[in-house]
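Visitor: Can you keep this structure in mind? I'll have questions shortly.
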Amino acid sequence: MKKGIELFKKNRIRITQQRLLVYRLLEGSRAHPTAEHIYARLKKENPSISLATVYTILELFRTKRLVREVRIKPDRRCFDPVIEPHHHFLCRACGAIFDIDLPPCLMAEKGEAQGHAIEEFQGYFYGVCKMCKARQGRAVRSQRRR
């Protein structure tokens with residue numbers, strides 16, 4: 001909590017218990033939760049928190065650059081506590097989102113593309129994750145044995 005309090009002070013964010021709870025849930029996480037997922041997790045500990053409050057906190061964190069919004073799923077806003085530029089991979093089999101660490105493309109590093117100023121970038125990859133790929137491979141081998 002100490003790190004969260006210091007970060008809030010540095011970013012001029014008023015310290016509240018609910019903001020600290022959301023921060024604690026996201027801190028150090030490699031997950032990409034939706035506001036609804038965060039709300040469901042926090043509701044167990046803090047029954048007075050509302051979904052609207054979670055959305056408000058996430059929007060504040062986004063504008064203060066404490067989280068990044070990820071729109072890899074067209075119908076969902078996910079939030080990523082890793083704010084350094086990186087790409088994302090969505091498994092079409094299980095729906096999991098993974099960070100993909102690749103160097104940024106030349107245009108992103110340059111900060112310009114065909115005269116347009118690039119302020120931030122996100123690359124999205126879609127496919128089947130290695131765990132689902134392995135399960136699919138086992139299923140195929142199992143069917144061949146029959």
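Visitor: Would you mention how many residues in region 8-19 are surrounded by fewer than 16 Cβ atoms within 10 Å (Cβ to Cβ) and either of a type in the set (S, T, N, Q) or in a helix (DSSP H, G or I) (or both)? Don't jump to the end; show me each part of the working.
Guide: Residues of region 8-19 that are surrounded by fewer than 16 Cβ atoms within 10 Å (Cβ to Cβ), as a first pass: 9-12, 14-17.
From what is left, the residues that are either of a type in the set (S, T, N, Q) or in a helix (DSSP H, G or I) (or both) are 9-11, 16-17.
So the count comes out to 5.
Visitor: Can you name every residue in region 54-69 that is among the β-branched types (Val, Ile, Thr) and within 14 Å of Leu26 (Cα to Cα)?
Guide: Hits for region 54-69 are Val54, Ile57, Val67.
None of the figures in this text is laboratory data; all of them are computed from the coordinates on show. Predicted, not measured: the structure shown is a model, and the values here were computed from it. Note that each Cβ is placed from the backbone with ideal geometry, even for glycine, and that neighbours are counted across all protein chains shown.
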